[in-house]
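Inspection log for the structure reproduced underneath, given as structure tokens.
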Amino acid sequence: MSDTKQKIKGAPETDDNNVISSGGANRKGGKKKSAIITNEAGALVSGKAEKTNKKETVTAKKTEGVALYSTKNVSWQGVGSLSKGYNIVSKEEAEKWQTRNHVRPATPEEVAAAYGK
């Protein structure tokens with residue numbers, strides 16, 4: 001390390017391009033992931049605030065499916081599970097579930113009425 005690049009206590013560290021960065025970014029093992037990222041609109045935002053919730057993604061996919069009514073809670077390995085009442089499942093799952101005698105298709109009006117809409 002040259003005399004001009006001697007580390008001064010309390011001074012921010014710099015990388016090879018003389019860019020000031022946090023001390024954690026220059027430690028061994030690679031760069032630390034930044035807490036600030038750019039979102040789709042190009043704005044700088046907190047990385048934690050922009051994380052997508054996996055449950056929301058799964059729920060959004062299921063709403064593009066078929067409404068079924070089950071008279072009991074059931075689980076079927078390789079197909080999924082249904083709760084007693086109304087359930088939204090994919091078209092492929094709906095075909096399999098309708099082979100069971102405790103499951104029937106539900107109309108959109110029926111589901112809306114059950115949830116008070």
ask   = For K72, what charge total do you get from the other residues with a beta carbon under 13 Å from its beta carbon, if Lys and Arg give +1 and Asp and Glu give -1?
value = +3
key: Estimated distance in nm for a label pair at A112 and W76, the labels positioned 7 Å out from Cα along Cα-to-Cβ   = 2.8
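Just so you know, all these numbers are worked out from the coordinates, no wet-lab data involved. What you see is a predicted model, and the numbers here were worked out from it, not measured in a lab. Cβ sites come from the backbone with ideal geometry, for glycine too, and all protein chains shown count toward neighbours.
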